[in-house]
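Working notes for the structure below.
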Amino acid sequence: MSQISDLQGHEDIGPIYVREKGQLSLAGSHCVRIKTPPVRLFSKGFSVELCVKQGDTCKPKEKPFIFTYTEQGSLRYSAKSLFTLALDLIADNIQHVDSLLGFPEQVAERLFTAAEARQQFCHPQSGLKALCKFTEAYGDLMLSSLCLRGKYLLVSEKLEEIRSFHGLHSLDLSCCKLGDEHELLAHLSSQAMDSLRELYLKDNCLSDIGVRKLSAPVRVLQRGLGKLTLLDMSCNPEITDTGVAFLLGFRHLRFLDVSDTGVQDPIATCKKIQTRTGLVHSKNPLNQFDHVDCRTQGWAEQLFCLWDQMVLSAVKPKKVLKSRTVAQQFYGKEKVNPQDVETPVLPETPAATTKHLQFYRAEVVKNPAPAVSHSGHYPLKRGKEEKHAEGAASSQPAKKSRVVLTTEDWDLLNSY
């Protein structure tokens, strides 16, 4: 400041300005303030355009900017949140995640949606590995109900992906033509499907061999599909009375359908099922087997829709001209109209009788009506018929008490 005071005495030196704390002032005077306009970074007519490099393969929606419009119609962009950027980064590299156990469900659902939008589960090498990270951590949240009715192509193409889902409560495999030796049939009886409650296997070319394989873990080891409450085995003509006997090992069944099977004696079969399982034969069709409410539910619902579209588009037949039609056009022959050709009359065959064999468990009344008590000081005299009925009941042999197995007996049975 001493130099500034010395310069003030010279007349040939002009005014000196000093900027202190963002304010511009004249040197030697504390009251004079110079008002300067705010500094603009860009001029009024300046415009910004975002350019993408050639080596940048990132999609526009994955850029760290969110573009919106103001009320005046001008374009405005703002930066994405750090959470969104981190979520996009993990979704792009989901196959490198070690595990998702303990990860919050709300965040995991958004992560699965982001990975699905990037078609991470459709890659042939890393898709199954990435899907298993979610299925082993979230179980029935990924998929609680799966409907594959008539989608035998999807079952064949995505068999490993279907087997990766755990915690299913309902599975519909109707009209998939699996057969007795299909890998998925062996997977149903494994420990991974012990949570299954409803299983539809209608029209799958099953026989007594397939039913025996399906019920063997339940009958022998008390594992597998022991918690089933609904089972549909209809429209499998190769299932006979022997195969129906294998189904009696499912003790928790509340609904069973064995219609249109190879059962020879429906009356004896109904009696056997009712005696051993307590299921009652239904004279009318049950709503549980109409497949109206059966659908896919869970986070992976849209994923199965995408897979189904991919499979159908891959096997879509191409439009090609038939060689016979081309030859007829070349030689000038007239095309034969199929309606003009007389169709041979086939001999009438008797219509196949539909065996309606649907069973349900009747509800037990927990609070039965109390017995009517007789008023008066003396008990009423019993008639001769009541005395005769009581005597007949007492003459019958007493029922044997139920045998209780000890711990050693159970250990011996489990050792086989």
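The values are calculated or read from the model by the stated rules, or taken from the named source; none is laboratory data. Owing to the predicted nature of the structure, the values given are computational and were not obtained by experimental measurement. Note that we place each Cβ from the backbone using ideal geometry, even for glycine, and neighbour counts take in every protein chain shown. Quick note on the areas: whole protein, heavy atoms, side chains included, nothing else; ligands and nucleic acids left out. Shrake-Rupley method; radii C 1.70, N 1.55, O 1.52, S 1.80 Å.
Quick notes on this one:
- Against the criterion of being of a type in the set (S, T, N, Q) and surrounded by fewer than 16 Cβ atoms within 10 Å (Cβ to Cβ), GLN106 qualifies.
- Within the stretch 207-303, strands (runs of 3 or more DSSP E) holding 1 or more residues that are open to solvent by 20 Å² or more (accessible area, probe 1.4 Å) and of a type outside the set (Gly, Ala, Ser): 255-257, 279-282
- Complete set of residues in the stretch 138-170 that are in a loop (DSSP other than H, G, I, E, B) and within 19 Å of SER190 (Cα to Cα): LEU143, SER144, LYS158, SER164, PHE165, HIS166, GLY167, LEU168, HIS169
- Filtering GLN309, GLN264 for residues that are within 30 Å of CYS132 (Cβ to Cβ) and free of Cβ contacts under 8 Å to residues at least 40 places away in the same chain leaves a single hit, GLN309.
- Apart from one condition, GLY167 fits all of (1) closer than 30 Å to SER126 by Cβ; (2) modelled with pLDDT of 90 or more; the exception is (2).
- Checklist (1) under 27 Å from LEU101 (Cβ atoms); (2) open to solvent by less than 10 Å² (accessible area, probe 1.4 Å); (3) touching a Ser or Thr at 6+ places or on another chain (Cβ under 7 Å) applied to PHE121, failing item: (3)
- Among the candidates LEU171, LEU178, LEU128, LEU111, the residue that is open to solvent by 10 Å² or more (accessible area, probe 1.4 Å), closer than 15 Å to ALA300 by Cα, aliphatic (A, V, I, L, M) and free of Cβ contacts under 8 Å to residues at least 40 places away in the same chain is uniquely LEU128.
- Test result for LYS202, in a loop (DSSP other than H, G, I, E, B) and basic (Lys, Arg): yes
- Of the criteria (1) outside any helix (DSSP H, G or I); (2) within 30 Å of ALA114 (Cα to Cα), which one GLN309 fails: (1)
- Members of the stretch 131-161 that are of a type in the set (Ser, Thr, Tyr), over 14 Å from GLU109 (Cα atoms) and open to solvent by less than 70 Å² (accessible area, probe 1.4 Å): SER144, SER145
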